[in-house]
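The block underneath contains the structure these notes are about, expressed in structure tokens.
We did not get these values from a lab; they are worked out from the coordinates using the rules stated. Only a predicted model underlies this, so the values are computations on that prediction, with no experimental measurement involved. Backbone-built Cβ (ideal geometry, glycine too); neighbour counts: all protein chains shown.
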Amino acid sequence: MNYNKLNRTIHNWLSIVIALPVLLLIISGLFLQLKKDVDWIQPPSVRGESADTPTVSHADLLAAATSVPETAGLKWSEFERIDYKADRGMVKFITFEGWEVQVDTTNGAVLSVATRQSDFLEKLHDGSYFGDFVKYYIILPTGIVLFILWVTGLWMFIYPYVKKASNKKKKRLKAEMQKS
């Protein structure tokens with residue numbers, strides 16, 4: 001079997017094997033590209049009253065964040081993460097369930113309460129939503145196979161030009177030998 005036929009065979013079969021995981025990566029990646037532009041994916045960051053040094057205590061920030069029904073009764077450790085946005089004068093409290101509460105650091109007012117899909121989409125994109133097995137044994141190999149497909153596809157694109165140039169060179173050398 002020649003190399004070019006083997007290359008096409010590998011390219012075709014690997015494409016079939018990774019079709020579904022690549023579809024998941026493409027769709028989630030497209031949504032993630034738009035996360036700052038589409039409020040449904042990630043709520044926009046609202047500016048607080050002032051970007052100066054925060055004047056509200058941590059306890060008051062937590063009290064404000066848990067004053068809404070979506071986060072009522074949560075403790076510090078029960079939030080997935082808490083992002084201080086000093087340049088915007090606010091703090092984002094993000095729950096494991098996908099809720100985001102933005103609180104003003106100057107007056108402790110709740111600025112925004114919304115669902116946040118971007119974290120879910122990121123977990124889908126890297127496979128961690130399904131667990132470590134999928135992340136390391138499906139998504140990671142899919143990325144490796146995708147790289148192999150890129151290399152084999154590039155070769156299939158370039159090879160005709162290489163072959164054409166080689167044939168021209170052979171023809172020219174043959175013509176020169178016949179003249180001599």
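About its Cα centre, segment 43-116 has a charge dipole of approximately 100 debye under the convention of +1 per Lys or Arg Cβ and -1 per Asp or Glu Cβ, with nothing else charged.
Just checking the listed ones, Ile16, Ile26, Ile82: in the Gaussian network model of the chain with Cα springs under 10 Å, the one fluctuating most is Ile16. Let me know the longest stretch in the chain that avoids all chymotrypsin sites (Phe, Trp or Tyr not before Pro) found in a DSSP loop with at most 16 other C-beta atoms within 10 Å. With chymotrypsin sites (Phe, Trp or Tyr not before Pro) excluded where exposed in loops, the chain gives 97-180 as its longest stretch.
Look at where the Cα atoms of segment 14-88 and of segment 136-161 average out, and the two centres are 34 Å apart. As a proxy for reagent exposure, Lys179, Lys174 were ordered by neighbouring Cβ count within 10 angstrom, fewest first; the result is Lys179, Lys174.
Taking the beta-carbon count within 10 Å as an exposure proxy, list Leu74, Leu61, Leu6 from fewest neighbours to most. Walk me through the numbers before you get to the answer.
On the way: Leu74 17, Leu61 22, Leu6 11.
Ordered from fewest to most neighbouring Cβ atoms within 10 Å, Leu74, Leu61, Leu6 come out as Leu6, Leu74, Leu61.
Here's the list of lysines a cross-link from Lys123 could span, going by alpha-carbon distance under 30 Å and ignoring same-chain residues fewer than 8 apart: Lys35, Lys36, Lys75, Lys85, Lys92, Lys135. Sequence-distant contacts, meaning Cα pairs under 8 Å at least 6 residues apart, place the relative contact order of the chain at 24 percent.
In summary, the helical segments of the chain meeting the span-like criteria, namely a full DSSP H run, a Cα extent along the axis of 24 angstrom or more and a mean Kyte-Doolittle hydropathy of at least 0.0, are 140-179. Highest GNM mean-square fluctuation among Ser128, Ser50, Ser77, for the chain modelled with Cα contacts below 10 Å: Ser77. Annotation: the residues Asp119, Asp60, Asp104, Asp39, sorted from fewest to most other C-beta atoms within 10 Å of their own C-beta, follow the order Asp39, Asp60, Asp119, Asp104. Taking Gly89, Gly48, Gly131 as the candidate residues, the one with maximal mean-square fluctuation in a Gaussian network model of the chain, Cα springs under 10 Å, is Gly131.
What number, in percent, do you get for the relative contact order of segment 43-116 if the mean sequence gap of Cα pairs under 8 Å and at least 6 apart is divided by its residue count? Please list the in-between numbers first.
On the way: 146 pairs, mean separation 28.1, N = 74.
Computed value for segment 43-116: 38 percent relative contact order.
Where does the Debye-calculated log10 I(q)/I(0) of segment 43-116 sit at q = 0.21, 0.27 Å⁻¹, using only Cα point scatterers of equal weight, no solvent? Log-scaled intensity ratios, in q order: -0.80, -1.31. Under the convention that each Lys and Arg Cβ holds +1 and each Asp and Glu Cβ holds -1, the size of the dipole of segment 1-141 around its Cα centre is about 780 debye. Please report, to two decimal places, log10 I(q)/I(0) for the chain at q = 0.09 Å⁻¹ as given by the Debye formula with identical point scatterers on the Cα atoms and no solvent. The Debye formula, applied to the Cα set alone, gives -0.55.
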